[in-house]
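Enquirer: Take a look at this one; I'll ask things after.
The values are calculated or read from the model by the stated rules, or taken from the named source; none is laboratory data. Here the structure is a predicted model, which means the values were calculated and not measured. Quick reminder, even Gly has a Cβ in these numbers, built from the backbone with ideal geometry, and neighbours come from all protein chains shown.
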Amino acid sequence: MTGHEQIVGLCHGVFDVVHPGHLAHFKEAKSKCDLLVVSITSDRFVNKGPSRPFFDEAKRANFLASLEVVDYVFISDSPSAVESINLVKPRMYFKGSDYSNLDSDLTGKIYEEKIAVEKHDGNLCFTSGFTSSSTSIINSVLTPTDSPIRIWTDNFKKLYTPIEVSFWIDKLKDLHVSVIGETIIDGYTNCSALAKSSKDPILAFQILETNKYFGGILAIADSCSNWAKSTEVISVHGADYALHSKDIKAEYSYSLNCIEVPDRPTIYKHRFVDNSSGARVFEYYDFDAAPIEEKTEELLIRKIVSSCEDTKVVVAADYGHGMMTKNVITSIEKLKCFLAVNVQSNAGNRGFNTVSKWNQLDLLCLNGSELELEFRDKNLNYKEVVPSIMKSKGASFAVVTLGGKGMMVFGKSGQHCSIPALATKVVDKVGAGDSVLAISALLASQNAPIEIIALLCSVVASHEISHLGHVKGLSTIDMKRFVSSLLG
């Protein structure tokens, strides 16, 4: 057009399944501007629940670009629309009528977008067409009625609404939590396969970049700090912890109350990952498997007793790498608080680390293979053995994770429920159990219904396994969005 400055309009969203509501939104927006630009959220920032987006970013962008009403499309590799607004500097930024009540936006992002638009002398505009939901279409039309997830969520919706689930999430925000266990650093080195070695029957690899993440008790604390009022870590680590932490970009929002032990390395679990397939080709542990020395043990017990005096919830993760001695365990069990425990079997303890070390707890969190080790039986009937072990430990709750088969949650008086695995794509299973321990501990401490514990455990686990290493636990808002998407 000539004679006046062209008016640029911007729409932003996921646009996973484009429906008539989207088309009406685009048409009304284009009628008010000369050029309509649409930015879409990249796959890694789509926080709408497991297996979302339904279509990847390239397919979504290509489809929108084929619409005559849309002039330009680009993929925004950002968690919000603010970056797109700052890039395009639109005169008009369009949102659907369902966003017109800014106070009803849980994320608070609409306010941020409004400020960004007005900073560039633009206006936030709301289209008036009818609205619909990609999520409801995916859940009701594109998800088979006989899929385990669909069946489970349909049954869940007969018991609870998203608002009721949000109520239990919000109950966690006043909790003060102490997490006790071993500090672990997780390392991932990407490598490229070259060929068979000329002199030995082994495959040679070229080393590429290495990334490190806070793991173990630090990953649990990070998750807890997203939902609780305060979180404190009580742990031990080596003098090399500072060197490891410098390599990690993530920041933590919990307090560290740790003992540095100069003659023990910080536990470092290093995986080598094939760059093309994502498969692990090698893994090594740098750690001291021996129990901590008596002097360190005494210092640790004093920290536990003094720091947890007024704590209502204690989360103990026993990775079997020498910190959780008999005396340390006894000191934790004597605390007057809700105690959640996970006893892990891994390559570093060769199955010698079982829940039999613990005598008294309130929540037991294990995976199926750890229970099999405990009972020396590969064909367990979980509905029988879990209530029995709960009774022996005085536990009111138990969570049993079963990998691709989902998980089971047990409550008082033997009540239980099962939930299928929500995620269809697994990038990294490391840390999924830690996230389940974190959320189940907090919810169980508030006596949440076992169905809600099962749902939220599955949500955080599906988020955790969607990327390498523990990047960042789900926020309260993102968890609510996951639930709304899943039940929508």
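Enquirer: Taking strands (runs of 3 or more DSSP E) that fall entirely within the range 144-234, which contain at least 2 residues that are not assigned by TED's automatic domain parsing to the domain that holds residue 473 and not β-branched (Val, Ile, Thr)? Please lay out each step first, then the result.
Expert: Details: elements: 176-181, 183-196, 203-216.
In the range 144-234, the matching strands (runs of 3 or more DSSP E) lie at 183-196, 203-216.
Enquirer: So which of 366, 361, 371, 422 ends up being out of contact with any His (no Cβ under 8 Å at 6 or more places or on another chain), over 27 Å from residue 328 (Cβ atoms) and assigned by TED's automatic domain parsing to the domain that holds residue 457? First the steps, then the outcome.
Expert: Values: 366 fails: over 27 Å from residue 328 (Cβ atoms); 361 fails: over 27 Å from residue 328 (Cβ atoms); 371 fails: over 27 Å from residue 328 (Cβ atoms).
Every option except 422 fails the conditions.
Enquirer: Let me ask something else. Can you pull out every residue in the range 444-488 that is within 9 Å of the chain's Cα centre (by Cα) and part of a loop (DSSP other than H, G, I, E, B)?
Expert: 465, 466, 470, 471, 472, 473, 474, 475
Enquirer: Oh, and also: Determine whether residue 430 is part of a loop (DSSP other than H, G, I, E, B) and more than 17 Å from residue 479 (Cβ to Cβ). Reasoning before the result, please.
Expert: On the way: part of a loop (DSSP other than H, G, I, E, B): yes; more than 17 Å from residue 479 (Cβ to Cβ): yes.
Yes, satisfied.
Enquirer: Same structure, new question: Can you tell me which residue in the range 445-484 is modelled with the lowest pLDDT, limited to those that are of a type in the set (S, T, N, Q) and buried (at least 23 other Cβ atoms within 10 Å of the Cβ)?
Expert: Of the residues in the range 445-484, the ones of a type in the set (S, T, N, Q) are 445-447, 458, 462, 466, 475-476, 484.
The next check asks that each one be buried (at least 23 other Cβ atoms within 10 Å of the Cβ); those that pass are 445, 458, 462.
Numbers: 445: 97, 458: 93, 462: 87.
For the range 445-484, the residue satisfying everything is 462.
Enquirer: Residue check: is residue 222 buried (at least 21 other Cβ atoms within 10 Å of the Cβ), in contact (Cβ under 8 Å) with a residue 12 or more places away in the chain and among the acidic types (Asp, Glu)? Quick ask: steps written out before the conclusion?
Expert: Numbers: buried (at least 21 other Cβ atoms within 10 Å of the Cβ): yes; in contact (Cβ under 8 Å) with a residue 12 or more places away in the chain: yes; among the acidic types (Asp, Glu): yes.
When the stated conditions are applied, residue 222 passes them.
Enquirer: Within the set of pairs 6 or more residues apart or between chains, which connect a residue that is closer than 13 Å to residue 42 by Cα and of a type outside the set (D, E, K, R) inside the range 55-67 to a residue that is surrounded by fewer than 19 Cβ atoms within 10 Å (Cβ to Cβ) and modelled with pLDDT of 90 or more with Cβ atoms less than 7 Å apart?
Expert: 61/75
Enquirer: Shifting gears a bit: If we keep just the residues of the range 60-92 that are closer than 20 Å to residue 24 by Cα and of a type in the set (Asp, Glu), which is surrounded by the most Cβ atoms within 10 Å (Cβ to Cβ)?
Expert: So the residue we want is 71.
Enquirer: Right, next: Give just the number: which of (1) loosely packed, with under 14 Cβ neighbours inside 10 Å; (2) out of contact with any Gly (no Cβ under 7 Å at 6 or more places or on another chain); (3) farther than 30 Å from residue 453 by Cβ; (4) not basic (Lys, Arg) does residue 356 not satisfy?
Expert: Checking residue 356 against (1) loosely packed, with under 14 Cβ neighbours inside 10 Å; (2) out of contact with any Gly (no Cβ under 7 Å at 6 or more places or on another chain); (3) farther than 30 Å from residue 453 by Cβ; (4) not basic (Lys, Arg), the one that fails is (3).
Enquirer: For the range 153-186, which residues satisfy the criterion of being surrounded by fewer than 19 Cβ atoms within 10 Å (Cβ to Cβ) and closer than 23 Å to residue 423 by Cβ?
Expert: Pass one, the range 153-186, residues surrounded by fewer than 19 Cβ atoms within 10 Å (Cβ to Cβ): 154-155, 157-164, 166-167, 170-171, 173-174, 176.
Of everything in the range 153-186, those that are surrounded by fewer than 19 Cβ atoms within 10 Å (Cβ to Cβ) and closer than 23 Å to residue 423 by Cβ turn out to be 154, 155, 157, 159, 160, 162, 166.
Enquirer: With the requirement that a residue be within 31 Å of the chain's Cα centre (by Cα) and in a helix (DSSP H, G or I), what does the range 289-305 give you?
Expert: Once the filter is applied, which keeps residues that are within 31 Å of the chain's Cα centre (by Cα) and in a helix (DSSP H, G or I), the range 289-305 yields 300, 301, 303, 304, 305.
Enquirer: Tell me, yes or no, whether the range 406-429 has at least one residue that is crowded, with 24+ Cβ neighbours inside 10 Å, within 24 Å of residue 164 (Cβ to Cβ), touching a residue at least 40 places away in the same chain (Cβ under 8 Å) and of a type outside the set (A, V, I, L, M, F, W, C).
Expert: There is no residue in the range 406-429 that is crowded, with 24+ Cβ neighbours inside 10 Å, within 24 Å of residue 164 (Cβ to Cβ), touching a residue at least 40 places away in the same chain (Cβ under 8 Å) and of a type outside the set (A, V, I, L, M, F, W, C).
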